[in-house]
Amino acid sequence: MRRWLAVLLLAGLPALAVSATELFDQVNADLSSGPWRARLVGQIASPGGGLQEADLIIKALPAEEMVRIEFQKPDALADNYVVITPEKVYNYLFLTNQVVVYPRARARIEGLGFDLSRMSDLRQLGEKGEVGWGEPEETTLAGRPAWHVVGRAADPDAAGFARVEVWISRKPARLLRSAFYAAGGEVLSDLSWVEFAHVELGRDDLLDFPPDAEWIEKK
Amino acid sequence: MKMKKLLPIAAMVLLASPAAAQSLEFGIWAGGPAFSIGPTVNLEVPLEAWTFDAWLRAYLPNTDEISFGLGARRSFEAGPAGRGELGLKGFIGMDAHYWVEGYGSLVLGKTAFDLKVGNTYNRTPSHFWPLQGETLGTYGRLDAKYRINRQLTLQGYVYLREGGGQAEASLAWREGAQTYTLGAGGVDRASNAYAVLGYRTPYERAVVAAELRLGYVNELRLEYADKLYKAHLLLAYPARAQVGATWNNWALDAEVDGAGYEFYLRYTMPLEGL
């Protein structure tokens, strides 16, 4: 009987409040726990204005500090992919079957109207004072219990966006969706993590290029 | 390092750092029917977005055919969206022959272009020798590709030279990992037509490709590539054969046709940090 009382009591308790920083730490801890594969779909601003469909497959090897991003959409980038290692970035262009290799000095994405690297570290955005994060609020997203966190950029011109919203599943703490908005409320990027799994991946899986590709090494 | 620095879309693509690097290529060329031989040297110096080249080609026993070349090209990188390049190179020989060529390439999203325009004066053209124009006089060649969708790519080229030209168009479509190509081309006039058939497929951990041209042009081109080796073979009629291979920093090419034969062996030595 005592056990049942405890269960009822716990079920009736509201979810314990967490801070945005704690949530982001939990997300990072899960992503760092082993190799994983994810698929992100949604919309992203195009360079000429308007929105274009985005469909990305991400493969990550945390122990090796490697990430591979395969573009399914937008159509203009389809079948291109980027592999990021601690030392180099490999950029594969399908149409010309070329691999362009750069040192990893600076990173940015071209061909899209929004710099996706702004999504890289939600916690860091807060630490640097670029974004003031609100308190996480309980919600549901696609039927899943989730946290909803809203952040506002202190200087939208410098940040490249004015407002950011993220949805994080309760357990495990994983990103479900993130959306960035311009000062006028226009969507800059709205991506949902539709698939996520910890999988077996090795260095060779990420550094896999067509053997007949032309290599161009930039110094 | 924490995963946060890796987070997916975190750091996509970079721009090149300005650190310079160099490579030095040594080659030896030999050809006939009257046997000639000569060393070649190519120094390549990248400097930020620019790359500068210097070539020297000796030629024995006809020393007046010794030639020098200089080149400069600039690349424009746009990460996964594409890239472009503009360049100019020129060669001049002891006997006052010269060859100049300007070129540009652009791949942006679903479209790719590759343009070459040049002029060769008083120099034997060669389809084989990479330091020599393919034709005498002024010439221009435009290659283009357009990706209709993820399965279909339209591709072709137009090549114009003094006294004639060639054009070719083909459609490549993917089925799984295989790519098939079907097209047609013509030389000088539409009646000199030929058909193009192609096939490319992964084979174990390699890629093999075959391309066949039949009609006014008759040739079979085979290619093999794995992580360590690349090789190609061209058999054409009227009788002409080319074979080439690259491995590590080495490359070897050979050609034989009714006019003679040529070999070209070269080694590229990286000189990073010098």
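For the peptide A:91-104, the mean number of other protein chain Cβ atoms found within 10 angstrom of a residue's Cβ is 6.
Comparing Cα centroids, the stretch B:208-237 and the stretch B:136-157 end up 19 angstrom apart.
Given in Å, the Rg to one decimal and the Dmax to the nearest whole number for the Cα atoms of the stretch B:174-263 are 15.2, 44.
Counting 0.36 nm for each residue step from B:LEU252 to B:ALA58 and taking away their Cα separation leaves a gain of 68.0 nm. Once the mean of 1/r is taken over each pair of separate Cα atoms and inverted, the stretch B:96-189 shows a Kirkwood hydrodynamic radius of 14.9 Å. Distance between the pseudo-spin-label points of B:ASN122 and A:HIS198 (7 Å out from Cα toward the beta carbon): 7.5 nm. Count Lys and Arg as plus one, Asp and Glu as minus one, and take only other residues whose Cβ is under 15 Å from that of B:ASN119; the net charge is then +2. For the stretch A:153-219 and the stretch B:63-104, what is the separation of their Cα centres, given in Å? Taking the Cα centre of each part, the stretch A:153-219 and the stretch B:63-104 sit 40 Å apart.
Between B:ALA72 and B:ALA167, full extension at 0.36 nm per residue minus the direct alpha carbon distance yields a gain of 31.3 nm. Here the gap between B:TYR267 and B:ASP226, fully extended at 0.36 nm per residue and compared with their Cα-Cα distance, gives a gain of 12.8 nm.
Given a Förster distance of 51 Å, report the FRET efficiency between A:THR139 and B:ARG174 from their Cβ-Cβ distance, rounded to the nearest 0.05. Efficiency, rounded to the nearest 0.05: 0.75. Counts of other chain beta carbons within 10 angstrom of each beta carbon in peptide B:228-235 average 1. Spin-label pair B:ILE37-A:ASP155: with each label point 7 Å from Cα along the Cα-Cβ axis, the two points sit 6.8 nm from one another.
Taking 1.306 mPa s as the viscosity and 10 °C as the temperature, the Stokes-Einstein diffusion coefficient of the stretch A:17-217 based on its alpha-carbon Kirkwood radius rounds to 89 µm²/s. If a/c stays under 1.5 just call it rounded; otherwise compare a/b with b/c (prolate if a/b is bigger, oblate if not). Do that for chain B, with a ≥ b ≥ c from the square roots of the Cα gyration tensor eigenvalues. It is oblate, given that a/c is not under 1.5 and a/b is not larger than b/c. Projection of the Cα convex hull of the protein assembly as shown, averaged over all directions and equal to a quarter of that hull's surface, yields 28.1 nm². With both labels modelled 7 Å from their Cα along Cα-to-Cβ, the A:ASP79 to B:LEU47 distance reads 3.9 nm. Among A:194-200, B:75-81, A:178-184, sorting by the average number of other beta carbon atoms lying within 10 angstrom of each residue, highest first, gives B:75-81, A:178-184, A:194-200.
FYI, it's all coordinate maths here, none of it is from the lab. Values in this document were obtained by computation on a predicted structure and should not be read as measured data. Cβ sites come from the backbone with ideal geometry, for glycine too, and all protein chains shown count toward neighbours.
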